[in-house]
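The values are calculated or read from the model by the stated rules, or taken from the named source; none is laboratory data. Just so it is clear, the structure is predicted and the values come from calculations on it, not from any experiment. FYI the Cβ positions are ideal-geometry reconstructions off the backbone, even for glycines, and counts take in every protein chain you see.
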Amino acid sequence: MKEITITLGDITTVKVDAIVNAANTSLLGGGGVDGAIHRAAGPQLLAECRTLNGCRTGEAKITKGYRLPSKYVIHTPGPIWQGGTHHERELLRNSYVNSLKLAEVHDCRTVAFPSISTGVYHFPLERAAPIAITAIQDFLQSAKFVEQVQMVCFDAGTKQAYDHALTQVNEA
Ligand code: AR6
């Protein structure tokens with residue numbers, strides 16, 4: 001059965017086929033979840049990222065997972081929140097959908113996402129959560145390989161926002 005689950009934890013410890021990295025357009029590492037993923041994967045991840053020539057906002061690129069328990073890392077730069085008038089919602093949805101499309105072509109069954117753009121990029125959490133959940137749920141309806149998508153939240157407030165969004169989408 002296809003399903004979305006919301007968990008609390010550190011995405012670098014999650015054993016799934018692919019974890020998603022909330023990257024920046026350089027793909028050369030940064031702070032937050034990006035820094036944690038690079039630290040846990042080891043220097044070979046950065047070496048592979050250097051060959052990718054960056055990535056546009058809302059698009060996604062894939063690498064191996066190296067020392068991570070996950071086979072792949074899918075890197076997507078989410079939008080920087082600029083007040084909501086710069087296509088931020090559409091770009092955030094694109095980050096989720098394009099990451100899932102890449103997972104699908106690499107035959108991934110299980111995928112884990114962090115809360116893209118809601119840290120350093122300041123996308124308001126209560127707006128980001130329903131966009132993420134809706135994008136994932138829409139994608140799962142026609143997915144062939146992807147079956148289980150986990151939202152891995154780093155703090156209780158983030159988990160609460162995604163739990164709430166999932167409940168609302170299921171009730172709609
Ligand atoms: N596991 C799961 N979630 C985490 C982890 C972790 N180990 N560490 C942090 N988070 P952010 P953004 C949460 O700032 O807003 C980087 O420098 C965090 O609490 O990592 O998309 C990139 O290079 C928050 O809920 O990503 C970019 O320059 C969520 O992950 C920029 O930050 C996203 O926070 C991207 O900013």
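For the condition among the β-branched types (V, I, T) and either over 27 Å from A143 (Cα atoms) or in contact with a Lys or Arg (Cβ under 6 Å, 6 or more places away or on another chain) (or both), I80 qualifies.
Among the conditions (1) under 26 Å from S142 (Cβ atoms); (2) under 13 Å from the mean Cα position of the chain (by Cα), the only one that T12 does not satisfy is (1). With respect to (1) in contact with a helix residue (DSSP H, G or I) (Cβ under 7 Å, 6 or more places away or on another chain); (2) under 18 Å from I136 (Cβ atoms); (3) of a type outside the set (S, T, N, Q), the lone exception for L27 is condition (2).
Per this entry, H122 is counted among residues that are farther than 18 Å from I6 by Cα, touching a residue at least 24 places away in the same chain (Cβ under 8 Å) and within 11 Å of the ligand (Cβ to nearest atom). Report yes if V33 is within 6 Å of the ligand (Cβ to nearest atom), closer than 23 Å to Q160 by Cα, touching a helix residue (DSSP H, G or I) at 6+ places or on another chain (Cβ under 8 Å) and in contact (Cβ under 8 Å) with a residue 12 or more places away in the chain, otherwise no. So V33 fits the description; yes. Of the residues in region 49-68, at least one is over 16 Å from the mean Cα position of the chain (by Cα), outside any strand (DSSP E or B), surrounded by 20 or more Cβ atoms within 10 Å (Cβ to Cβ) and within 12 Å of the ligand (Cβ to nearest atom).
Yes/no matrix, rows are residues, columns are (1) over 12 Å from A18 (Cα atoms); (2) surrounded by fewer than 23 Cβ atoms within 10 Å (Cβ to Cβ); (3) within 16 Å of the ligand (Cβ to nearest atom); (4) modelled with pLDDT of 95 or more:
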residue: S70; (1), (2), (3), (4): no, no, yes, yes
residue: H75; (1), (2), (3), (4): no, no, yes, yes
residue: G78; (1), (2), (3), (4): yes, no, yes, yes
residue: W81; (1), (2), (3), (4): yes, yes, yes, yes
residue: H106; (1), (2), (3), (4): no, yes, no, yes
residue: S115; (1), (2), (3), (4): yes, no, yes, yes
residue: A172; (1), (2), (3), (4): yes, yes, no, no
